[in-house]
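Notes for the one structure printed next.
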Amino acid sequence: MTVEIYCPETIIGADLLDRFHEVQLWPGEDEALYEDMREEMKYDLSPQGAYEKSLVEKMIQLEWDTRRIRRMRDTVLMGAFKLQAASAYMMFATKMEDVLGMNPEASQFARDLVHPDPKRHGPARKTLAKMELTEQELATQAYLAIPEQLEPLESRIAEAEVRQRRLMNDLFNLRAQYAKLVIADVEDDGDLKW
C-alpha cells in the first residue's frame, strides 16, 4: 500500500516557496557560486515536502551567511596582515638605513604578499625571508592585533553553525517521523497514525 502524505506545497506552489527564501547577494558576491552551492545542498539533502524544503532553504541561507561572515573576517585579517607586513618592512628598511621611499615600498611589499597573482609573491617572500619572518608569523601577529574586530565575526560564525546543526537535526527528526508513519501504516493495514 502506498501512503500519500499531505504536502501544502501542492496548494501553495513551489514557486511561491522559492520566493520566500531568495537571498539578497551583496556587491562582489558570485551569483553562480551561490546557485551552485544551493543546488548541491538541495541535491545532497533531497527535501521532500514543503516543510523539509523550507528547512533546507534556511540551511542554505545559513551556509551562505556563514561563508559571507568568514569572507568578512578574512578581509579584516588580510587588512591587518598588510599592516603587519608593511610595518615589518619599514622596520627592516630602517635597520638597513634605506629610509628613502620607505612608505611606498612597504605598501607595495604588503600588496605583493597578498596579491591574487602568485608571480608577485616570489620577490615579496624573498624580502620576507631576508627579514627572517614567515607569512604565518605575520598572519598570527595580524590576528592577535585585532581581537575586537574579529570577536563579533567569530561569534556570528559560531552561532550560525549551531543553528545549522539544529536545522539538520530537525530535518533528520522529520524524516524519522515519516519513516515511522509509513511503518505504522503498513503494520496496521492502512490505518494512518501520527
Run the simple label-point estimate for Met91 and Asp170 please: 7 Å along Cα→C-beta, distance reported in nm. 5.0 nm
Hey, rough spin-label estimate for Ser46 and Val162, points 7 angstrom out along Cα→Cβ, what's it come to in nanometres? 3.3 nm
Inter-label distance, nm, simple model (7 Å from Cα along the C-beta direction), Tyr143/Ala179: 3.9 nm
What FRET efficiency, computed as 1/(1 + (r/R0)^6) with R0 = 25 Å and r the Cβ-Cβ distance, is obtained for Lys126 and Met78, rounded to the nearest 0.05? 0.75
Over segment 21-92, with every protein chain in place, what whole percent of the accessible area is carbon and sulfur at 1.4 Å, could you tell me? 55 percent
With all protein chains present and a 1.4 Å probe, the order of Lys126, Lys82 from largest accessible area down is Lys126, Lys82
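The values are calculated or read from the model by the stated rules, or taken from the named source; none is laboratory data. Computed from a prediction, not measured in an experiment: that's the story for all the values here. For neighbour counting, all protein chains shown are included, and Cβ atoms are generated from backbone atoms with ideal geometry for every residue, glycine included. Only protein heavy atoms, including side chains, enter the accessible area calculation; ligands, DNA and RNA are left aside. Shrake-Rupley method; radii C 1.70, N 1.55, O 1.52, S 1.80 Å.
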